[in-house]
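Visitor: I'd like to ask you about the structure that follows.
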Amino acid sequence: MTVSEIIRERCTIREFNDKKVSLDTITELLETSVWAPYHGIPEPWRFIVFSENGMERLIDMILQALSLPERKEYGEKLKTYLRTVPVAIAVVGKLDRNQKIMDEVSASVSALIQNFQLAAWEKEIGVVWKTQSYMYAPQISKSLVLKPDEKLAGVLLCGYFDKKPTERFRKSAASRTTYVKA
Ligand SMILES: Cc1cc2nc3c(=O)[nH]c(=O)nc-3n(C[C@H](O)[C@H](O)[C@H](O)COP(=O)(O)O)c2cc1C
């Protein structure tokens with residue numbers, strides 16, 4: 001597959017099958033992903049990979065980070081879902097007081113995550129990129145033992161899959177483009 005084909009074909013996968021994802025494969029994907037561009041803070045990321053019993057640790061951390069109403073409303077459902085996920089990667093980004101630097105960090109972490117999604121797709125591994133309310137709870141930073149200048153930038157749930165969504169749609173770029181020639 002060409003890069004263009006992978007970009008167009010990749011889609012978010014939320015349901016995984018039981019096939020084990022090796023940590024060597026995850027490491028290989030992360031080694032590819034870190035070739036993302038960055039500016040301001042060099043390579044402003046690190047990763048915490050949860051699998052097997054480690055997934056239970058992550059589930060506990062997430063449930064603890066939910067507010068009481070959130071836990072009541074969907075805690076059990078979330079737990080049941082997360083138990084079907086083979087591997088989760090917490091992508092940790094840098095924090096900075098300067099908005100420009102924060103924007104640059106966020107942009108480069110996003111580029112890294114897309115690299116990961118594309119490299120994973122090439123290996124027929126599906127990913128859903130999660131940004132949920134618990135990521136903003138101080139409790140999750142505590143549980144993950146993040147440093148004061150770090151934040152949880154995203155959680156990537158990964159695994160092999162049997163089905164992919166059939167209906168996907170994008171408006172053409174041309175319909176969103178203004179060409180200025182004179
Ligand atoms: C920054 C970001 C955050 C996302 N957060 C979530 C999320 O919390 N839960 C979820 O199910 N999907 C999440 N997604 C996946 C999007 O819903 C998905 O990319 C979008 O529907 C387009 O579908 P596609 O990835 O198959 O092209 C997120 C995507 C991005 C870029």
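Visitor: Please give the number of the condition Ala36 fails out of (1) open to solvent by 70 Å² or more (accessible area, probe 1.4 Å); (2) assigned to a loop (DSSP other than H, G, I, E, B); (3) closer than 27 Å to Trp121 by Cα.
Guide: (1)
Visitor: Another question about this same structure. Give region 4-28 a look and list any residue that's within 15 Å of Leu118 (Cβ to Cβ) and within 16 Å of the ligand (Cβ to nearest atom), or say none.
Guide: Once the filter is applied, which keeps residues that are within 15 Å of Leu118 (Cβ to Cβ) and within 16 Å of the ligand (Cβ to nearest atom), region 4-28 yields Ser4, Glu5, Ile6, Ile7, Arg8, Glu9, Arg10, Cys11, Thr12, Ile13.
Visitor: Which of the residues that make up region 135-158 are within 10 Å of the ligand (Cβ to nearest atom) and over 15 Å from Thr27 (Cα atoms)?
Guide: Correct list: Met135, Ala153, Gly154, Val155.
Visitor: Now, a different point. Could you say whether any residue in region 69-80 is open to solvent by 40 Å² or more (accessible area, probe 1.4 Å) and in contact with a strand residue (DSSP E or B) (Cβ under 8 Å, 6 or more places away or on another chain)? Lay out the reasoning, then the answer.
Guide: Taking region 69-80 first, the residues open to solvent by 40 Å² or more (accessible area, probe 1.4 Å) are 69-74, 76-77, 79-80.
Filter again for in contact with a strand residue (DSSP E or B) (Cβ under 8 Å, 6 or more places away or on another chain), leaving none.
No, region 69-80 has no match at all.
Visitor: Looking at Thr178 and the list (1) within 10 Å of the ligand (Cβ to nearest atom); (2) among the β-branched types (Val, Ile, Thr); (3) in a loop (DSSP other than H, G, I, E, B), which single condition is not satisfied?
Guide: (1)
The values are calculated or read from the model by the stated rules, or taken from the named source; none is laboratory data. No experiment lies behind these values; they were computed from the predicted model shown. A quick note on method: Cβ atoms are made from the backbone with ideal geometry, for glycine too, and the neighbour counts reach across all protein chains shown. All accessible areas refer to the heavy atoms of the entire protein, side chains included, with ligands and DNA or RNA removed. Shrake-Rupley method; radii C 1.70, N 1.55, O 1.52, S 1.80 Å.
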